[in-house]
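The values are calculated or read from the model by the stated rules, or taken from the named source; none is laboratory data. Note that the structure is predicted; figures quoted are calculated from it, not measured. Heads up, the Cβs are rebuilt from the backbone with ideal geometry, glycines too, and the neighbour counts pull from every protein chain shown.
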Amino acid sequence: MLVHELDDKVTIKKVRTFFEKDFPKLLNMAHISYLDVKSPTLSNVPKASTNENNMDNKMNWHNYAIDILNKVVKAFDGVSEKKRRFIEARYFNHLTWYEITDLTGYSRTQGSKILNDALIEFAWAFADTEDLRVFK
């Protein structure tokens, strides 16, 4: 077998942890608030400056965070629009499941399934930056 089977449950857990723990830290390091994140395009993410010393860039957490956030944006291109909306609602806008079901018209069970599928798609799309996938 060329590709090992993905452990969906563990992969979903890792991606959730990324969005619940790491993503807010990256936003803080980049000096971006959740209010500035209007959509997964993160249109307000500043671009890292390239006219600084390369060694300084490597040590600069601000630029590191901006770089990773830009890669998150790029990875969102690999997630279907409907599924992206669930990630945005849950992790960018911190909506409750009641609010998400109200907004989308999907039941919590359906919405949870769509969100889990979205997290798997994100894991595949983000693998070149940080591999959140777990294989059996």
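Annotations
- Here Ile66 does not fit the description of being outside any helix (DSSP H, G or I), at pLDDT below 90 and surrounded by 13 or more Cβ atoms within 10 Å (Cβ to Cβ).
- For Leu6, the conditions (1) among the aliphatic types (A, V, I, L, M); (2) more than 18 Å from the chain's Cα centre (by Cα); (3) over 15 Å from Leu132 (Cβ atoms); (4) modelled with pLDDT of 90 or more all hold with the exception of (3).
- Meets criteria (in contact with a Pro (Cβ under 8 Å, 6 or more places away or on another chain) and part of a helix (DSSP H, G or I)) for Glu88: yes
- When region 93-110 is filtered for residues that are farther than 23 Å from Phe23 by Cα and not in a helix (DSSP H, G or I), the ones remaining, listed by number, are Gly105, Tyr106, Ser107.
- Matching residues, region 18-30, being within 17 Å of Ala125 (Cβ to Cβ) and under 10 Å from the mean Cα position of the chain (by Cα): Phe18, Phe19, Asp22, Phe23
- Selected residue (criterion: surrounded by the fewest Cβ atoms within 10 Å (Cβ to Cβ)) from residues of region 1-24 that are assigned to a helix (DSSP H, G or I) and of a type in the set (A, V, I, L, M, F, W, C): Val10
- Condition met for Ala75 (of a type in the set (Gly, Ala, Ser), surrounded by 13 or more Cβ atoms within 10 Å (Cβ to Cβ) and either modelled with pLDDT under 75 or more than 27 Å from Asn116 (Cβ to Cβ) (or both)): no
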